[in-house]
Amino acid sequence: MIAWDRLLAFVAVASVLVAIPGPSVLFIVGRALQHGRRGALLSVAGNAGGFVVHAVAVAAGVGALVAASATAFTVLKLAGGLYLVYLGVQAIRHRHDGLALPTAAEPPGDAVRDLDRLSTRRALSESFLVGVTNPKTLVFMVAVLPQFVDAARGPAWPQILVLGVVFALMALLIDSVWALAASGARRWVASSPRRVARVRAAGGGMMAALGVVLMASRRAAH
């Protein structure tokens with residue numbers, strides 16, 4: 001369906017864009033600081049699912065319409081930014097939830113009782129919404145994916161879907177590295193409830209700030 005040389009060229013271009021810290025990476029790092037490794041990795045998966053929706057939208061022609069419409073683009077950008085601000089504020093408000101000083105019977109590092117309490121459904125749904133409402137990734141797919149479509153190999157839409165899934169898988173892999181690194185730092189401070197509360201607040205502040213930046217940004221990718 002897609003020539004190997006075109007696919008490899010796309011992977012080379014996309015890998016650079018995915019690896020550079022952007023909204024998705026900052027969101028994942030914020031989640032790792034709040035909820036640890038499990039919550040961060042679930043958020044990576046949900047966020048990547050949002051990218052698959054972008055690929056479907058681009059293949060169906062909807063993505064190009066949204067990217068071309070200033071109103072639709074602004075609505076998408078504001079929705080994503082406001083949602084990130086909401087998640088960040090909630091994280092700051094609840095930064096002390098589940099924290100307690102360890103007793104003599106508890107091993108060191110057990111001060112965080114809810115390290116992985118974020119439910120699977122909530123982690124996936126919230127991160128999926130963040131991925132879907134990320135206008136920068138949508139613009140990347142609208143502007144970049146079509147350049148790797150080979151008209152001689154049949155219809156464009158299945159090629160776009162394949163490239164979109166490849167992009168999502170790359171994001172899944174690379175963002176997981178960021179998630180593991182950030183959650184490792186959180187585990188390091190998990191022995192102190194006060195430090196964990198501060199780290200949670202930092203993660204929430206990061207997401208809230210990211211939401212503000214996203215709302216204020218102009219059209220620019222992952």
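Kindly indicate whether Phe140 is part of a helix (DSSP H, G or I), closer than 27 Å to Ala216 by Cα and modelled with pLDDT under 80. Explain how you work it out, then say what you get.
On the way: part of a helix (DSSP H, G or I): yes; closer than 27 Å to Ala216 by Cα: yes; modelled with pLDDT under 80: yes.
So Phe140 fits the description; yes.
It is to be established whether one or more residues within region 159-168 are under 19 Å from the mean Cα position of the chain (by Cα) and over 24 Å from Lys77 (Cβ atoms). Give the derivation first.
At the first step, the residues of region 159-168 found to be under 19 Å from the mean Cα position of the chain (by Cα) are 163-168.
Adding the requirement that they be over 24 Å from Lys77 (Cβ atoms) leaves 165-166.
Within region 159-168, one or more residues are under 19 Å from the mean Cα position of the chain (by Cα) and over 24 Å from Lys77 (Cβ atoms).
The values are calculated or read from the model by the stated rules, or taken from the named source; none is laboratory data. The shown structure was predicted, so the numbers you read here are calculated from the model rather than taken from an experiment. Positions of Cβ are generated from backbone atoms using ideal geometry, with glycine treated the same way; all protein chains shown enter the neighbour counts.
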